[in-house]
Amino acid sequence: MKHWIEAARVRTLPLSVSGILVGCFYAMSQGIFNWKIVILALSTTLGLQILSNFANDYGDGMKGTDNNDRIGPKRAIQSGLITPGAMRYAIFITAFLTLVSAMLLIYVSFKGKYFIYSIVFFILGILAIASAIRYTIGRNPYGYRGLGDVFVFTFFGIVSTFGIYFMFAKQMDWLLLLPATAIGFLSVGVLNLNNMRDEESDRNSGKNTIVVKNGGAWAKKYHFFLVIAAMVLMLVFALIFDFSFRDPNPQRFNFDIYFFLLAYIPIIAHLKRVSKNKNPKLLDPELKKLALSTFLLSILLSLSLIYFISDIIIYYTN
């Protein structure tokens, strides 16, 4: 069991649910909520992340990408703790359970009343599962062609944040595109750190990540763009949200909605460490720090949304 928990890479799980949290609490701020949708959305997202981790372990292990040159925790296939046959079985079971969770989520959200929506989300679920597996598995996995960033941004940023909100509201709210993009950028930032750390070993094994294609110096600038752009987008979202729901008391500063800015402290500290780094192999601790900082940011933003709206409601009811 210990080896399977390690293969699931628990440290990656908080990051994967960040978009779900923001989408859920944004819906709650509009008076729309359903705990069944929340629970099923979390289980589906966690299943997708674990599936991706199992598939990466298997794909990189079988291709020889995970070798003695790789930095960071040893993978299960690489170390021989789990056999390839057992990992294939785990991938199949995890994919099946994730699909079941996704189908239950679709049923609970739409209950047969929105057939087109159900079909669209079912297709998205299939694509997400297939993408998680095809990242490193197969003859021509897209993770070896520098397209992993697209998958992470799409499914753990846009689809998770927008998708969960749509399941509540049955409509789009384009303001949510700002935090959805921010979460997507930060999630890609974690992947970029991973690729910066493994640049040398990936190049030697033929894994052409976007870092291998463009080089470490470019990857560092790319990383700063992702993180700083995410911070700006979150701030713009808060400003627009604040103006949309103006506090009736103009003499009071609306710190409620800006409470999430506290999460910028560890993020800025992270950027300073990355800027000073001269050896990409030493970036491994930064993966966990940025992932947890993103999770903290999503929690604080979610709480900010609820507290701010409740404050307005209390004012008017009194």
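The values are calculated or read from the model by the stated rules, or taken from the named source; none is laboratory data. Source: prediction; values computed, not measured. Reconstructed Cβ throughout: ideal geometry from the backbone, glycine too, with neighbour counts over all protein chains shown. Side chains are part of the model used for accessible areas, which takes the heavy atoms of the whole protein and leaves out ligands, DNA and RNA. Shrake-Rupley method; radii C 1.70, N 1.55, O 1.52, S 1.80 Å.
Laid out as a table, the results:
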quantity	calculated
Scan of the range 277-307 for residues that are aliphatic (A, V, I, L, M) and within 18 Å of Arg11 (Cβ to Cβ), ordered by number	Leu282, Leu283, Leu287, Leu290, Ala291, Leu292, Leu296, Leu297, Ile299
Out of Gly112, Gly138, sole residue that is over 29 Å from Glu199 (Cα atoms), in a loop (DSSP other than H, G, I, E, B) and over 20 Å from the mean Cα position of the chain (by Cα)	Gly112
Condition met for Lys289 (in contact with a Pro (Cβ under 7 Å, 6 or more places away or on another chain), within 18 Å of Asp198 (Cα to Cα), at pLDDT 90 or above and surrounded by 16 or more Cβ atoms within 10 Å (Cβ to Cβ))	yes
Unique match (being farther than 20 Å from Val188 by Cα, of a type in the set (Gly, Ala, Ser) and either modelled with pLDDT of 85 or more or surrounded by fewer than 16 Cβ atoms within 10 Å (Cβ to Cβ) (or both)) among Ser298, Ser310	Ser310
Single residue of Val236, Val232, Val211 found to be outside any loop (DSSP other than H, G, I, E, B), surrounded by 15 or more Cβ atoms within 10 Å (Cβ to Cβ) and either hydrophobic (A, V, I, L, M, F, W, C) or in contact (Cβ under 8 Å) with a residue 24 or more places away in the chain (or both)	Val211
Of residues in the range 141-156 being open to solvent by less than 20 Å² (accessible area, probe 1.4 Å) and closer than 20 Å to Thr45 by Cα, the one nearest to the chain's Cα centre (by Cα)	Phe156
Some residue of the range 119-132 being over 20 Å from the mean Cα position of the chain (by Cα) and in contact (Cβ under 8 Å) with a residue 24 or more places away in the chain	no
Subset tally (residues that are closer than 14 Å to His223 by Cα and open to solvent by 20 Å² or more (accessible area, probe 1.4 Å)) for the range 270-286	6
Selection from the range 69-103 of residues that are at pLDDT 90 or above and open to solvent by 90 Å² or more (accessible area, probe 1.4 Å)	Arg88, Tyr89, Phe92, Phe96, Leu97, Met103
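The rows are residues; the columns are (1) under 22 Å from Thr94 (Cβ atoms); (2) open to solvent by 60 Å² or more (accessible area, probe 1.4 Å); (3) in a helix (DSSP H, G or I).
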{"residue": "Ser118", "(1), (2), (3)": "no, no, yes"}
{"residue": "Ile123", "(1), (2), (3)": "yes, yes, yes"}
{"residue": "Ala128", "(1), (2), (3)": "yes, no, yes"}
{"residue": "Ile133", "(1), (2), (3)": "yes, no, yes"}
{"residue": "Ile158", "(1), (2), (3)": "no, no, yes"}
{"residue": "Thr161", "(1), (2), (3)": "no, no, yes"}
